[in-house]
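Here the structure is laid out as structure tokens; the discussion comes afterwards.
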Amino acid sequence: MYKKRGLLIVLSGPSGVGKGTVRKELFTQPNTNYEYSVSMTTRSPREGEVDGEDYFFKTREEFEALIDQGKLLEYAEYVGNYYGTPLDYVNATLDAGRDVFLEIEVVGAAQVRELVPDGLFIFLAPPSLSALETRLIGRGTETEDVIKSRVLKAREELELMNLYDYVVENDEVQNACERINAIVTAEHCRRERVEKIYIQMLEGDC
Ligand code: 5GP
């Protein structure tokens, strides 16, 4: 009988866009029905962070051993520290038919895209990114250098979007969460994802 696998949901986007805030908000909502994958990191805990809840805090040696043993779905070095996603947890949860939610930076997201092409990749974008260039130039208040560096940054961020299936503008945290939940709901109805079940029904298997 066909067993439905969970959906791997990846939320990523440029530094400082508010991925962590959006993710925390999503998981305080009572109707959230996906599981958060707690990442491994070598950075030190911030005040109030709990090992096993916010992150699994590891030494560099421990983290490198996990890499060597193939225990990470992806990993990246970000501002001098390693961050990575535990492979066994993700596989076991997906196999049990539950959706897994990753909130990771863009280098790691690109690795997951290669390994899990049928995952759902959501890019969290800064507000009005698309209008930024026009506005900066039109406004005429910034120096040419400032415009250039902002446009460059906006362009880099826009290019990063290419890897993703959906773009969610983070104008307001609540709005962003609503859009993400709507995308996840719609994604579960995507033909490619459900047709296997129907084919098996037609064949009398379930
Ligand atoms: P922070 O140190 O502020 O908690 O996280 C820094 C960055 O690492 C954020 O962009 C966050 O999304 C990203 N991050 C958190 N966990 C992982 C992970 O498992 N893998 C990757 N590649 N990035 C992660």
Can you figure out the FRET efficiency of VAL146 with GLU114, using R₀ = 41 Å and their beta-carbon distance, to the nearest 0.05? 0.70
Work out Dmax and Rg for segment 8-205 from the C-alpha atoms and quote the Rg first, both in angstrom. 19.0, 69
Heavy-atom accessible area per residue of the chain, all protein chains kept, 1.4 Å probe, expressed in Å², is 57
Non-local amide H neighbours of VAL168 (under 5 Å, H modeled in plane, Pro and chain starts lacking H): which ones? PHE123, LEU124, ALA125
Modelling each spin label as a point 7 Å along the Cα-to-Cβ direction, I'd like the ARG43/ALA65 distance in nm, to one decimal. 2.4
Residue farthest toward the positive end of the dipole of the chain, with Cβ of Lys/Arg at +1 and Asp/Glu at -1: which of CYS189, GLY52, GLY84? CYS189
Quick one: with all protein chains in place, what share of the accessible area of segment 8-205 is carbon or sulfur, to the nearest percent (1.4 Å probe)? 51
Nearby lysines by direct alpha-carbon distance to LYS58 (threshold 18 angstrom, same-chain neighbours under 8 apart not counted): LYS71
Expected unfolding gain across LYS3-ILE183 under the 0.36 nm per residue rule, minus the alpha-carbon gap, is 62.5 nm
Where does the chain land at 222 nm, in deg cm²/dmol rounded to the nearest 500, when only DSSP H runs of n ≥ 4 count, each adding -39500 (n - 2.57), divided by all residues? -13500 deg cm²/dmol
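The values are calculated or read from the model by the stated rules, or taken from the named source; none is laboratory data. Here the structure is a predicted model, which is why all the values come from computation and not from measurement. For neighbour counting, all protein chains shown are included, and Cβ atoms are generated from backbone atoms with ideal geometry for every residue, glycine included. These area figures cover heavy atoms from the full protein model, side chains too; ligands, DNA and RNA do not enter into them. Shrake-Rupley method; radii C 1.70, N 1.55, O 1.52, S 1.80 Å.
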